[in-house]
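Right, one structure below, let's go through it.
The values are calculated or read from the model by the stated rules, or taken from the named source; none is laboratory data. All figures in this text were calculated on a predicted structure; none of them were measured in a lab. Positions of Cβ are backbone-derived with ideal geometry, glycine not excepted, and every protein chain shown enters the neighbour counts.
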């Protein structure tokens, strides 16, 4: 019976975590948390960069497209006005005046359309830019929240480690205190911070 009690006590002693094991496990957990936070930060930065690239590309393409369309409209109007003027020369002076007036109206309308299209394109570019900036701000806020969460997790792990250190390194009755392992665990946690 005495031997069984002794075996059980040794078995319990072996099952207890040693402070060095706790330190290495806490270090592994902290390293994993840092890697995860870094991956999230990298992904968020990549996403912001891609979004800004797409926004700039889309805005530039849209402005170019609308400007070209406005120029084509103006060119068409100029051609039309020129054709009208050539035809009018064949007619009497009264007809020439009427045709020239019609040509001027067409040019004015084309210019108005071109101006409206250009303003629309600029408004769209400003809107796209504003949306991109809002998204960048949102991503920056998400990154800050993740960093704050990581810092809280580190602090919680430090608190848990300190509590474990107090429990595991507290000298048992009749045993000398071993401050070397305590310093080792504390050093491992401070290195992770």
Answer yes or no: is there a residue in the stretch 124-132 that is exposed (fewer than 13 other Cβ atoms within 10 Å of the Cβ), free of Cβ contacts under 8 Å to residues at least 40 places away in the same chain and farther than 18 Å from residue 57 by Cβ.
-> no
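Got a sec? Which of 173, 160 is outside any helix (DSSP H, G or I) and either farther than 30 Å from residue 70 by Cα or modelled with pLDDT of 90 or more (or both)? If you could, list the steps in order and put the result at the bottom.
Values: 160 fails: outside any helix (DSSP H, G or I).
The unique qualifying residue is 173.
Please verify whether residue 35 is surrounded by 12 or more Cβ atoms within 10 Å (Cβ to Cβ), part of a helix (DSSP H, G or I) and modelled with pLDDT of 85 or more, treating the condition exactly as stated. Before you say what the answer is, go through the steps one by one.
Numbers: surrounded by 12 or more Cβ atoms within 10 Å (Cβ to Cβ): no; part of a helix (DSSP H, G or I): yes; modelled with pLDDT of 85 or more: yes.
It is false that residue 35 is surrounded by 12 or more Cβ atoms within 10 Å (Cβ to Cβ), part of a helix (DSSP H, G or I) and modelled with pLDDT of 85 or more.
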Go through the stretch 38-55 and give me each residue that's more than 17 Å from residue 152 (Cα to Cα) and surrounded by fewer than 15 Cβ atoms within 10 Å (Cβ to Cβ).
-> 39, 42, 43, 45, 46, 47, 49, 50, 53, 54
Test result for residue 94, more than 19 Å from residue 69 (Cβ to Cβ) and either assigned to a helix (DSSP H, G or I) or modelled with pLDDT of 90 or more (or both) | yes
